[in-house]
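Shown next, in C-alpha cells, is the structure this report addresses.
Since every read-out is calculated from the coordinates, none of them should be taken as a lab result. Since the model is a prediction, treat every value here as computed from it, not as a measurement. Neighbour counts run over all protein chains shown; Cβ positions are idealised from the backbone, glycine included.
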C-alpha cells in the first residue's frame, strides 16, 4: 500500500480581505514551488554540495544558445556569436559555449588570459573595453586577436606598436550612437553623430598600420526595444558602405554587441520580465532585416557578430538557499532571513528576483521581506514578495541568476558558495568549490612584526 | 583568298571527307575513316566515284551556305559516300557517267537535307534513307540512259582472288563452323561498303575495333543474333550468303545498342527481339523489292532503327533505356558520360533552383507526402524549422510566434519575374485551417518558359514584391507565415508549368544544398530533399568566389615551375553559341567546359591533350564548392579516360556495358584558412582515386592555394616531378 503523504502544517495567517482587483494580473504570489532542477531534487543538491549553492543547467545553456543561433542563422547567412566573458566566466560555462562554436569576448587582460587558457585560439577572441595595457595589446597582436578600439589614445598607442612591429593588427572600432533610447550610451567608443567615428575610420585607413576588419557597437544593456537595434544596425551598415565608397575597403564584420534583455524583472518595472521582454527572434528580425536591406554585395555580405551574454545565460542559473529564521518587524511585516544575501546574489540590487520555495507549500501567501545573512542594513534580497510561510531549514530557489552573479558576487563576511553544473544526462558536476579560509587568506601577507599577539 | 582562309577550307574539306566515311559506322574516328576509305578504294572506281560524290556534296553545301559545322561532321555527305560506292561498283566509267554522277551527287545532297530536316522535327536521325532513295531511283531509271552501262565488276576488283581462295575453304566445310560464321561476318562487314570480300571485312572490323570496342562487340552480337535466328527459323540463308544482307543486323545492333541508345545490359536486351524484327523486314520486303529488281540494301536497318527510336521517344518516362542526349560519336563516350553524369548531376538539363530561405530548415513534408502532397500536388516541398529535439516551437506552441519558422525571411529561389501575388489573408490560429483560400498568401515567380515557382502560406501583409518585379536569386519576397491550409507555420514550395496559384506541380530538383546528417554536412547536387531532412543553402566565401569567377573574356596567365625550369601558359575564357562557358588553352588548343552558378564550380567536359596544364586543372578543380566548410568533403566522379592509361581503358571498354571494374573518384576537402571570416588565404586538397573494383591503383593529389595576392595556385605531379602553377597578374 502506498504510504500516505503527510499533510503539510503551516501556521495560520491573518490577511486583510482584498475584494477588488489590485492590478490586471491579480496578486502575484510565489507559492509555486521549484523542487527539481533538471530532474535532481533541490534537497539532494543542497545535501551534497551545501547551502547556499549556485546551479547551472547545461541543457538550458545549450538550448538557449541554439535557439538564439537559429533565430539569427535562419535570417542572415553569416553569423558569429562570441561569449561575453564578464557575464559569467566560469570555465565550465565558457567551454559549453565554445563547444557550440561561440568565440570569446573579453574586456580585460585577465579575461583575455582566461580565454586563452580555456583553449580559445587567439584569432577567435574579441578584445573589447577601455582597459587594455600595452602588454595586453602586444599579446593580442601576437595572437592575431580582434582588437576593438575604444578611444583615440588606444588608437594612437596601437598604431605606434604596430608601426614598430612588422604585424598589422586586425582591429575594429567601437561606436556609440543615438538610437532613440534613454539613456544614450556614449562613454564607450567613438560617437557616430558628431563625426568622431568617421574620424577614427579615416585615421586608421589613411595610415595603413592597422587592418580595419570590423565595426562594433553596443547600444546599451537590458534593452527592451528591438527597434533600437534596427536604428543602430542601419547606422552601422551606412558607415560600412561609406567606408567602401571612400576607401574601397570592405568591412568584414559588423559587431552589434549584446544588451538583449533576459526574463528578469527590473526593479520598478510594472510587468513581470517574462511578459515584457521581447523574444530573441524580435531582436534578430530587427538587426538582420536592417542588414539585408542595406544594399551590400550579395556575395560579400559582412558577418554579423553578436556578444549576447545575459539573454543567453540568465535563466540557466539558479541559486539555492536555506531559511535561517523568521521574524516580525515593528510594523507587523513578516521578514525571512535566508543564508544568501546581496554579497552572493549581487543582481538583487537591480532585479526583483523570482524566488520560489523548493518544497510543496500551501497556497496561502503573505507579504514578506527577504533578508540576507549579512550583518549589514543593505542586505535585502527582496523588499516585498508574496510567499507562503517558510520555516527555518526549508529551502528556496532564486531563479534567473545565471548572469553577472558569479562574476560580481563578493567574498564579504562569509565565503562564496560552490557552483554545480548539471549536464545533459542529469549528472551534477562541482565546477567551483566553496571558498575556504585558506583560499581567502592565500594572498595575504602578514608582516612579521604583526605575527605575534601579546595577550 | 588569304592563306588562313585557304587553310580553313582545306581543313574543312579534309575533315568532312574523313567524317563522311566514318559516319557510315556512326563514328568520327580518323582511323576508322582511313580503313573505310582503303576498303572503298579496293574497288578503285567505287572509291573514286564515292570521293567525287562527297566532294561535290560538300561544294554544293558550301555554295548554298549550309552549316560549316555539319559539313565538317560529314552529316550531309555520308550518304553521298555510300551512293558513290554503290554506283561506282556497278557502272562503267565514261564521260557521260561523270556528268550523271555529278547530278546524282547534287541530288543526294538535296535529299539528305530534306530527310535530315523532316526527321529532325520528329527527333529522329535520317540514317541512310537518302542513299536508298537515290540508288533506287538510279537503278529503276538506268534503262532510260543508254550511255550508262553496268560493267562486269569482278574485272576491277583488286583483291578478287581472295574470296575465291576463301570460298574454296568454305565449301570444304560441310556444316557451319566458327570459321565459317566468321567469314560470313567479315563479308557482311565489307558489304556495307559494297565490298563482298573478306579482306575488306577484316579491315573494316579492325577499324571498328580501333574506333570502339562496344561497337565491335555489338557488331558481332547483332550478327550472331540474326544468324541464329535464321538457323532457328530455318530461313532462307541465301539472303545472308549471297547478298550479305547480314550487315543490316550489324548496323542495327550498333545503332540501337550503343549509338542512339546508351550501351548497357538493357540495350543488349533490347536487341534480342529487335534483330529478329530486322530479319522479318528483310524477308518481308525482299520479295516485294525483288519484283522491281531492287536490292534491299540497308532498308531493313533504316526502318527498324527509325521505328525503335520513335517508340523510345514516345515513352511516358524515359528511364531504363536511355537515349543519348548529346552525341559524342563514340558508344564508349556516350556510355561513360551517361553513367558519369547520372552520378554527378542526377540530371543536367534542369534549371538552377535553390532553397528559398536562409539557414537550416527541415523538410516537414516531401514529395508524395502523406498529408497534402498528393496527385497533382505530389511534387511539392514543405519546410519548417526545428530545434535539437525536432520540436517546431518553444513555449506553449499555441500562437504563431512560438514557432521557430514564423516570420522568417523567404527569398526567391532563382532569378525571375513575379507573375502573381496574393496577400491579405489572415494567419490562422494554431490548429485551424483556411480551406476556402487554401494556398494562403502566395507569390508565383516566372523563371523561364513553363517554369514557375510558388511560395505559399506567407505571413499576412508581409509580401514586399508585386507582379512584374524582377527578382534576383536570394532576394527577399516576404516572411513565412500561417495563412491558408496551414495548421501551423510552414513554407510551401513547388514548381509548376503554369503561372496560376493552384496549378499542378512538376518534378524539379534543388540545384545545390547542404544536408546535415548525424551532425555532418554533405553536399547535394541536383537532388531532392527528403521528408525529415535538415537542409540549408550554401554560403559563399568571397576569396573562393573571386578565384573561380571565370567571366567570359578573362585571360589567365599561368607561371609553371617544374623543378628548376619555368614555363608559362595562357588561357582565355569564352562562351559558345549555346551559352556554355569554357576555358581555352592558347598553347595546346585544349578546351574545358565548366559551369559556375555562383555556389559551385565544376567542369563538365574536356577536349584536347591530356598533358596540358588545363587538363590538370580540369582534374584538380573538378568540383569546387565556393564556400569554406571546414568538415565538408566534396565527392565527385571523373571519366576513367582522364585517369587510367589508355590500354586499361581499351580493355575495360569490352565489358563496360555490363559492369565497370575500373572506377574513378574525386574528393575535395578544405585544408586551412588564415581567418575564419573573409580569409585572405585559403587552401584545399583534391584527390583523384583510380580504383580496380575496391583497390586503389592510381592516386593523384592536387594542392590548391588561394590568396588575395595571387588568386590561384596549385601543385601537381607530372612524371613524378612536383610542379607548381600559379596565376600571374
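Set the Förster radius R0 to 60 Å, insert the Cβ-Cβ distance between residue A:430 and residue B:307 as r into 1/(1 + (r/R0)^6), and round the FRET efficiency to 0.05.
With a Förster radius of 60 Å, E is 0.10.
Which angle from 0 to 90°, rounded to the nearest 10, does the C-alpha axis of helix A:196-207 make with the longest principal axis of chain A?
Here the helix axis deviates by roughly 50 degrees.
Pulled fully out, how much extra length does the chain show between residue B:233 and residue B:551, if you take 0.36 nm times their separation in residues and subtract their Cα-Cα distance?
Full extension of this stretch gives 108.1 nm more.
Where does helix B:44-63 land angle-wise versus the long Cα axis of chain B, in degrees 0 to 90, nearest 10?
The answer is roughly 40 degrees.
Using 11 Å as the cut-off for backbone N distance, which residues of the stretch A:401-438 belong to the label zone defined by a point 7 Å from the Cα of residue B:388 along Cα→Cβ?
What the label zone holds, given the 11 Å backbone N cut-off, is A:423-425.
Work out the P(r) tail for the stretch B:361-536: percent of alpha carbon pairs separated by more than 22 Å, whole number.
41 percent
How many nm separate the modelled label positions at residue A:110 and residue B:435, each set 7 Å beyond the Cα in the direction of the Cβ?
6.7 nm
Between the stretch B:267-290 and the stretch B:659-729, what is the C-alpha centre distance in whole Å?
53 Å
Once both axes come from the Cα atoms, what is the angle between helix A:226-247 and the longest principal axis of chain A, in degrees from 0 to 90, rounded to 10?
20 degrees
Stokes-Einstein diffusion coefficient for chain B at 25 °C in a medium of 0.890 mPa s, Rh from the Kirkwood formula over Cα pairs: what value in µm²/s?
In µm²/s, the coefficient is 83.
If the chain between residue B:420 and residue B:62 were fully stretched, how many nm would it gain, using 0.36 nm times the residue separation less the Cα-Cα distance?
The residue B:420-residue B:62 span can extend by a further 123.9 nm.
Quick one: if you stick a label point 7 Å off each Cα along the C-beta vector at residue B:669 and residue A:5, how many nm between them?
5.5 nm
Alpha carbon centre of the stretch B:398-457 versus the stretch A:430-455: separation in Å?
68 Å
Using every alpha carbon pair in the stretch B:23-63, what percent of pairs falls into each 5 Å bin from 0 up to the bin containing the largest distance?
It works out to 6, 22, 21, 27, 18, 5, 0, in whole percents.
Calculated from DSSP H runs of 4 or more alone, at -39500 (n - 2.57) each and per residue, what is the 222 nm mean residue ellipticity of chain B, nearest 500?
It comes out at -12000 deg cm²/dmol, rounded to the nearest 500.
From other protein chains only, count the Cβ atoms within 10 Å of every residue's Cβ in A:292-305, then give the mean.
Average per residue, whole number: 3.
Debye calculation, C-alpha points only, no solvent: report log10 I(q)/I(0) for the stretch A:28-141 at q = 0.11, 0.20, 0.23 Å⁻¹, in the same order as the q values.
Log10 of I(q)/I(0), two decimals: -0.51, -1.06, -1.21.
Counting pairwise Cα distances across the stretch B:303-393, what percent come out greater than 23 angstrom?
So the pairs more than 23 Å apart make up 52 percent of the total in the stretch B:303-393.
Give the Debye-formula value of log10 I(q)/I(0) at each listed q (0.12, 0.13, 0.17, 0.21 Å⁻¹), with one equal scatterer per alpha carbon of the stretch B:1-157, two decimals each.
At q = 0.12, 0.13, 0.17, 0.21 Å⁻¹ the computed log10 ratios are -0.50, -0.58, -0.97, -1.35.
Distances longer than 22 Å among the Cα atoms of the stretch A:330-455: what percent of all pairs is that?
49 percent
Taking Cα centroids, how far is the stretch A:182-222 from the stretch B:198-232 in Å?
When both Cα centres are located, 81 Å separates them.
May I ask you to work out the translational diffusion coefficient for the protein assembly as shown at 25 °C, viscosity 0.890 mPa s, via Stokes-Einstein with Rh from the Kirkwood sum over Cα pairs, reported in whole µm²/s?
67 µm²/s
What translational diffusion coefficient, in µm²/s and rounded to a whole number, does the Stokes-Einstein relation yield for the stretch B:542-728 at 20 °C and a viscosity of 1.002 mPa s, taking the hydrodynamic radius as the Kirkwood radius over Cα pairs?
Calculated translational D: 124 µm²/s.
Tell me, Kirkwood radius of chain A from alpha-carbon pair distances, in Å?
Value: 24.3 Å, from the Cα pair sum.
Where the Cα atoms of the stretch A:128-308 are projected onto their three principal axes, how long is each span, largest first, in whole Å?
56, 37, 30
With each label point set 7 Å from Cα along the Cα-Cβ vector, what nm distance links residue B:593 and residue A:249?
Taking the two extended label points, one gets 4.6 nm.
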